[in-house]
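*Asks:* First the structure, then my questions, so here it is.
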Amino acid sequence: MSQKIVYQYDENGIYVGETLAEADQVVPGNWLLPARTTDERPPIFTGGKTPKWVGYKWKLVNQ
């Protein structure tokens, strides 16, 4: 597998969607994550809440 899904957030940490990370060709088992992404899946969000990345985890915040 040479790609995996990662989760992207904007400059304020607000979730914007999914994108792909590429496998590192130099370090096997490592992934090259694009800027402002994490491989931690955001929580399910409804009711006026949206996920926000706060440095090491997702937090649900009011929109």
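No value in this document is a laboratory result; all are computed from the given coordinates. Everything numeric in this text was worked out from a predicted model, so none of it was measured. Heads up, the Cβs are rebuilt from the backbone with ideal geometry, glycines too, and the neighbour counts pull from every protein chain shown.
*Asks:* Please state the relative contact order of the chain as a whole percent: Cα pairs under 8 Å, 6+ residues apart?
*Replies:* The value is 30 percent.
*Asks:* Here's a follow-up. Which loop trypsin sites (Lys or Arg not before Pro) in the chain, with loop taken from DSSP, have no more than 16 other Cβ atoms within 10 angstrom of their Cβ?
*Replies:* Arg36, Lys57
*Asks:* Per residue Cα convex hull volume for the chain, in cubic angstrom?
*Replies:* 84
*Asks:* Given H placed on each backbone N at 1.01 Å, which residues far from Val61 in sequence or on other chains put an amide H within less than 5 Å of it?
*Replies:* Thr50, Lys52
*Asks:* Could you tell me which chymotrypsin sites (Phe, Trp or Tyr not before Pro) in the chain are loop residues by DSSP with no more than 11 other beta carbons within 10 angstrom of their beta carbon?
*Replies:* Here the chymotrypsin sites (Phe, Trp or Tyr not before Pro) that fit, given the DSSP loop and packing criteria, are Tyr56.
*Asks:* Also: Using DSSP to call loops (not H, G, I, E or B), can you name the GluC sites (Glu not before Pro) in segment 4-63 whose Cβ has at most 11 other Cβ atoms within 10 angstrom?
*Replies:* Glu11
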